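The values are calculated or read from the model by the stated rules, or taken from the named source; none is laboratory data. Note that the structure is predicted; figures quoted are calculated from it, not measured. All Cβ positions, even for glycine, are placed from backbone atoms using ideal geometry, and neighbour counts span all protein chains on display. Just the protein is used for accessible areas: all its heavy atoms, side chains included, with ligands, DNA and RNA removed. Shrake-Rupley method; radii C 1.70, N 1.55, O 1.52, S 1.80 Å.
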Amino acid sequence: QVQLVETGGGLVHPGGSLRLSCAASGLRFNLYTMAWFRQAPGKGLEFLANIDYRDRRTKYAVSVRGRFTISRDNDRNTVYLEMNNLKPEDTAVYSCAASGRSRPSDASQYSYWGQGTQVTVSS
């Protein structure tokens, strides 16, 4: 069965950095667009970034462009999210997801989801 497992969350001070990882198994990783979403308390699911399986083109939400970087290692079946200059409003549960489509930003287009990892930005 398909599993996506996120790691790397935690507590960080404002202005700090974190690197999230999402290890995939049970699917042909190099045939899926991978993405990161987040959900803050009391808010809906927010698209952050995705990376295409063919040409590795990326797409970012305006809220994180220039601060977050998505990348993937198809040999390790892993997608990463490098987060810099973190702000308190970045506090949320971060989840990775996999889609067989080319770089959708709509969560409904993603077939597989991880359980999420908590990121808390606080002084």
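Summary table below
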quantity: Count of segment 61-83 residues which are open to solvent by less than 30 Å² (accessible area, probe 1.4 Å) and either in contact with a Pro (Cβ under 7 Å, 6 or more places away or on another chain) or polar (S, T, N, Q) (or both); calculated: 1
quantity: First in segment 65-91 and under 23 Å from LEU27 (Cβ atoms), second anywhere and part of a helix (DSSP H, G or I) and open to solvent by 20 Å² or more (accessible area, probe 1.4 Å), Cβ under 8 Å, 6 or more apart; calculated: ASN74/ASN30
quantity: Qualifying residues in segment 1-29 (those that are of a type in the set (S, T, N, Q) and in contact with an Asp or Glu (Cβ under 9 Å, 6 or more places away or on another chain)) - the one nearest to ARG67 (Cα to Cα); calculated: SER17
quantity: Selection from segment 1-24 of residues that are under 22 Å from SER105 (Cα atoms), open to solvent by less than 60 Å² (accessible area, probe 1.4 Å) and not in a loop (DSSP other than H, G, I, E, B); calculated: LEU4, GLU6, LEU20, SER21, CYS22, ALA23, ALA24
quantity: Segment 25-44, residues that are crowded, with 16+ Cβ neighbours inside 10 Å and either in contact with a helix residue (DSSP H, G or I) (Cβ under 7 Å, 6 or more places away or on another chain) or not hydroxyl-bearing (Ser, Thr, Tyr) (or both); calculated: LEU27, PHE29, MET34, ALA35, TRP36, PHE37, ARG38
